[in-house]
Amino acid sequence: MVRGKVEMKRIENATSRQVSFSKRRVGLRKKAYELSVLCDVEVALIIFSQKGKLYEFSSSNIRQIIQRYHERSKEARSNNNNDSGQYREHLKHETILMEKKIELLEVSQRKLLGQGLESCSMRELNEIDCQLEKSLKHIRTRKCGLKPNMIPSPPPALARQKEIGSGSNNTQNCMVETDLFIGLSATRCS
């Protein structure tokens with residue numbers, strides 16, 4: 001007899017359904033027994049028929065197995081609650097860190113835009129100046145299509161003032177319109 005592929009849906013014919021239930025119940029019980037013997041595990045199988053009749057199999061005392069099941073399921077639920085609590089705490093911690101980073105970035109952005117510079121030390125002002133110079137150099141490099149080493153480093157502020165005053169043209173000028181955006185590109189207004 002060749003076994004065909006069985007479609008997984010309720011068997012409509014009551015007699016066929018009962019025959020299939022009986023055969024499969026016996027097969028399931030046999031598999032449970034084999035699993036307990038071959039793998040040296042405790043197995044409990046509980047089946048209720050359509051009419052409510054109880055069928056059970058146990059490799060040892062079924063009540064002890066059920067008791068162990070209840071204890072383990074309580075532990076598992078407790079661990080899940082602890083895990084989700086720890087995850088929530090982790091997310092709160094990450095949120096606080098992100099808020100601090102955002103605040104620092106906003107302060108930095110305001111300083112780069114020239115706001116709130118009164119409280120800055122001379123060292124901080126020099127760092128802001130260097131950062132702006134690097135950003136402008138990078139923008140000019142991209143706009144002019146030049147390699148970074150082709151654009152000369154800007155002279156110190158005093159030397160720059162002298163050059164502007166004397167009309168000296170020692171540095172290569174690349175006149176481009178530049179915009180400096182700080183922040184996410186999605187927040188830019190064009």
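The values are calculated or read from the model by the stated rules, or taken from the named source; none is laboratory data. All of these numbers come straight from a predicted model, not from anything done at the bench. Cβ: placed from backbone, ideal geometry, glycine included. Neighbour counts: every protein chain shown. Keep in mind that these areas ignore ligands, DNA and RNA; they rest on the heavy atoms of the full protein, side chains included. Shrake-Rupley method; radii C 1.70, N 1.55, O 1.52, S 1.80 Å.
Just one of (1) touching a residue at least 24 places away in the same chain (Cβ under 8 Å); (2) exposed (fewer than 12 other Cβ atoms within 10 Å of the Cβ); (3) under 42 Å from the mean Cα position of the chain (by Cα) fails for residue 44. It is (2).
Just the residues that are outside any loop (DSSP other than H, G, I, E, B), closer than 19 Å to residue 66 by Cα and not small (Gly, Ala, Ser), please, taken from the stretch 38-52. Spell out how you get there, then give the answer.
Going through the stretch 38-52, the residues outside any loop (DSSP other than H, G, I, E, B) turn out to be 38-39, 44-48.
Right, trim to closer than 19 Å to residue 66 by Cα and you get 44-48.
45, 46, 47, 48 - these are the residues of the stretch 38-52 that are outside any loop (DSSP other than H, G, I, E, B), closer than 19 Å to residue 66 by Cα and not small (Gly, Ala, Ser).
Residues considered: 11, 66. Of these, the only one that is open to solvent by less than 70 Å² (accessible area, probe 1.4 Å) and assigned to a loop (DSSP other than H, G, I, E, B) is 11.
It is to be established whether one or more residues within the stretch 43-56 are at pLDDT 90 or above and more than 30 Å from residue 14 (Cβ to Cβ). Taking every residue of the stretch 43-56 in turn, at least one turns out to be at pLDDT 90 or above and more than 30 Å from residue 14 (Cβ to Cβ).
Scanning the stretch 105-142 for residues that are exposed (fewer than 10 other Cβ atoms within 10 Å of the Cβ) and either under 22 Å from the mean Cα position of the chain (by Cα) or aliphatic (A, V, I, L, M) (or both) gives a single hit, 122. Of the listed requirements (1) open to solvent by less than 60 Å² (accessible area, probe 1.4 Å); (2) within 30 Å of residue 43 (Cβ to Cβ), residue 79 misses just one: (1).
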